[in-house]
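Chemist: Attaching a single structure in structure tokens format; questions to follow.
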Amino acid sequence: MKKFVLLFTALFLFCSFLQKEHPERELLPNKDNIVIVFAGDIMGHSPQFKAALNPKTGKYNYDDCFVHVKPYIEDADFAVANLEVPLAGAPYSGYPNFSSPDALLDGLKFAGYDVMLTANNHVVDRGKAGLERTLRTIKSRDLLHAGSYQNKQQRDTIYPIILEKDSFRIALLNCTYGTNGIPVAAPNHVNMIDTVDVMKDIARCEELGSDFVILTIHWGNEYQLQASNAQKELARFFVRSGVDLIVGSHPHVVQNMEYIQCGLKNVPVFYSLGNSISNQRKPHTNGGIMLRAEINPISKSVKTSYMPVYVHKGVLNGKYQYHLICTIDYIKQPNNYKLAQADSAAIMFFDIETRKRLSNANLWDESFKSKFPE
């Protein structure tokens with residue numbers, strides 16, 4: 001018994017010594033995972049803003065587009081979308097020189113998005129005036145943006161975005177392969193995929209005390225279901241440079257994903273999330289995925305899962321619109337949607353093919369699958 005008491009006392013004193021000499025070894029507080037949801041390309045084709053127009057009032061409203069995905073987006077601590085359309089004011093137009101009503105941004109805010117990514121190939125479709133008006137409109141809605149700037153001084157002041165919760169700092173980077181050959185007028189600035197510049201940005205993240213670095217990147221070949229070798233090589237370079245998660249856009253289809261090992265880190269790379277919302281109707285283009293990233297603030301590790309989201313163009317609940325439907329909700333409760341047979345077949349095809357392509361990824365957590373009652 002005396003030996004036990006002596007041993008217990010020694011252990012107690014040793015632990016006390018550790019706590020005094022090494023305060024960082026004190027019990028860590030219980031911190032919840034930080035959840036970020038990412039969406040793919042937010043497009044603005046002409047039929048979309050025509051569907052959003054109320055002919056009686058002359059006003060636009062996109063809220064109905066996002067009603068069914070809103071609960072999943074609001075559940076996150078932060079939500080990010082690729083705004084691939086300028087808000088350049090009237091006259092509105094679709095491809096190739098986009099400009100959508102400001103109400104599109106109001107719909108995205110209604111859905112729960114916090115950050116708009118603006119480094120993409122359509123950012124200067126309406127030139128200098130369109131780029132700057134888009135940034136002003138985003139700011140007027142109290143939303144954040146990354147990727148394009150009025151000038152380099154603005155970029156240096158607000159980039160990278162730091163998303164912070166409970167003193168854990170997440171840096172968000174954004175860049176694009178190009179701007180469809182349209183020059184970026186001085187003094188405007190758009191982040192390009194330049195390995196030297198991105199390395200400098202990663203170093204800046206460290207200077208700002210970032211605990212986790214996310215690169216959102218506009219790249220790849222349109223409509224290709226698999227990532228190109230160029231994408232893969234860039235992904236490996238950026239992971240070696242210190243990026244902890246890579247989220248891609250531009251191909252307008254969901255591409256494959258992979259995990260890249262770098263030391264003790266296993267970095268998820270989602271090469272393309274596909275279309276969040278658009279008028280594209282060909283197979284694979286009529287939807288995308290929402291990506292859920294759960295970051296552990298203690299281990300600085302990340303768990304990712306995805307949810308296929310189909311763009312239903314037509315009448316739902318008596319309203320003609322572009323309705324985003326989570327395929328897992330449709331599969332679970334198809335009677336809630338009452339889709340025509342052709343639409344039902346299309347949504348099932350999209351779900352099956354997307355799951356095949358992402359067979360090595362986690363589907364959205366089972367316990368979080370449906371926000372709708374039985």
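Chemist: Tell me, yes or no, whether region 54-66 has at least one residue that is surrounded by 21 or more Cβ atoms within 10 Å (Cβ to Cβ) and small (Gly, Ala, Ser).
Modeler: No, because not a single residue in region 54-66 is surrounded by 21 or more Cβ atoms within 10 Å (Cβ to Cβ) and small (Gly, Ala, Ser).
Chemist: Give the residue that is surrounded by the fewest Cβ atoms within 10 Å (Cβ to Cβ), with candidates limited to residues of region 323-353 that are within 26 Å of the chain's Cα centre (by Cα) and aliphatic (A, V, I, L, M).
Modeler: Checking each candidate, the answer is 352.
Chemist: Another question, then. Pairs please, first residue from region 272-301 and acidic (Asp, Glu), second anywhere and outside any strand (DSSP E or B), Cβ atoms under 9 Å, 6+ apart in sequence or on different chains.
Modeler: From residues that are acidic (Asp, Glu), the pairs are 294/33; 294/365.
Chemist: Moving to a separate point now. Do you know which of the residues in region 240-288 that are more than 17 Å from residue 361 (Cβ to Cβ) and among the hydrophobic types (A, V, I, L, M, F, W, C) is modelled with the lowest pLDDT?
Modeler: 264
Chemist: Could you pull out the residue among 139, 109, 128, 152 that is basic (Lys, Arg) and within 16 Å of the chain's Cα centre (by Cα)?
Modeler: None of the others qualify; the one that does is 109.
Chemist: Would it be correct to say that residue 81 is within 30 Å of residue 32 (Cβ to Cβ) and outside any helix (DSSP H, G or I)?
Modeler: So residue 81 fits the description; yes.
Chemist: Out of all the residues in region 150-186, which are over 24 Å from residue 241 (Cα atoms), touching a helix residue (DSSP H, G or I) at 6+ places or on another chain (Cβ under 7 Å) and not small (Gly, Ala, Ser)?
Modeler: Across region 150-186, the qualifying residue is only 150.
Chemist: Which is closer than 26 Å to residue 328 by Cα, touching a strand residue (DSSP E or B) at 6+ places or on another chain (Cβ under 9 Å) and of a type outside the set (Val, Ile, Thr), of 102, 125, 114, 63?
Modeler: 114 is the lone residue from the list that is closer than 26 Å to residue 328 by Cα, touching a strand residue (DSSP E or B) at 6+ places or on another chain (Cβ under 9 Å) and of a type outside the set (Val, Ile, Thr).
Chemist: Among the residues of region 165-189, which ones are free of Cβ contacts under 8 Å to residues at least 24 places away in the same chain and either under 10 Å from residue 211 (Cα atoms) or of a type in the set (A, V, I, L, M, F, W, C) (or both)?
Modeler: Selection gives 167, 186.
Chemist: Considering only region 218-240, I want to know if a residue exists there that is closer than 17 Å to residue 43 by Cβ and of a type in the set (Val, Ile, Thr).
Modeler: The answer is no; no qualifying residue exists.
Chemist: Looking at 112, 130, 107, which one is more than 25 Å from residue 321 (Cβ to Cβ) and at pLDDT 95 or above?
Modeler: Numbers: 112 fails: more than 25 Å from residue 321 (Cβ to Cβ); 107 fails: more than 25 Å from residue 321 (Cβ to Cβ).
Residue meeting the stated conditions: 130.
The values are calculated or read from the model by the stated rules, or taken from the named source; none is laboratory data. What you see is a predicted model; the values in this text were computed from it and never measured. Here the Cβ is made from the backbone with ideal geometry for all residues, glycine too, and neighbour counts use every protein chain on show.
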